[in-house]
Amino acid sequence: MQYFVVMIDYGRRGREAVVDPEITRREVISRIASGEYQNVSFIHEIAENVVEDVTEAILSEAALPKIPPEDVDLQATRLDHIRDLRKHERA
């Protein structure tokens with residue numbers, strides 16, 4: 001069995017892993033190119049018992065521009081980290 005895991009980052013609202021064994025590589029590329037999948041953190045291809053990170057390959061096939069590191073919202077990242085620390089302190 002082969003399938004793809006697409007991790008989408010919604011920032012402060014969290015992350016979502018889209019896992020559907022019926023979606024092909026071509027369909028993942030199509031959804032990224034159309035904008036249905038945005039802010040992709042990573043894409044893993046799972047085949048049998050092997051996991052492969054295919055993020056770069058699929059994003060390049062979908063012809064998405066790379067965002068330079070200086071365009072990353074560091075304040076949102078810091079606030080997410082603080083929220084996660086607080087959440088784990090309560091547990």
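The values are calculated or read from the model by the stated rules, or taken from the named source; none is laboratory data. Remember, predicted model here, so these are calculated numbers, not experimental data. Every residue, glycine among them, receives a Cβ derived from its backbone with ideal geometry; neighbour counts consider all protein chains shown. Areas reflect the complete protein model, heavy atoms only, side chains present, ligands, DNA and RNA absent. Shrake-Rupley method; radii C 1.70, N 1.55, O 1.52, S 1.80 Å.
Of the residues making up region 1-17, those that are open to solvent by 30 Å² or more (accessible area, probe 1.4 Å) and either more than 12 Å from S41 (Cα to Cα) or in a strand (DSSP E or B) (or both) number 10. Can D71 be described as surrounded by fewer than 13 Cβ atoms within 10 Å (Cβ to Cβ), among the charged types (D, E, K, R) and either more than 14 Å from the chain's Cα centre (by Cα) or modelled with pLDDT of 90 or more (or both)? When the stated conditions are applied, D71 passes them. Residues in region 18-61 that are surrounded by 14 or more Cβ atoms within 10 Å (Cβ to Cβ), hydroxyl-bearing (S, T, Y) and either out of contact with any Lys or Arg (no Cβ under 6 Å at 6 or more places or on another chain) or not in a loop (DSSP other than H, G, I, E, B) (or both): S30, T55.
Exactly one residue among L85, L64 is assigned to a loop (DSSP other than H, G, I, E, B), at pLDDT below 90 and either out of contact with any strand residue (DSSP E or B) (no Cβ under 7 Å at 6 or more places or on another chain) or not β-branched (V, I, T) (or both), and that residue is L64.
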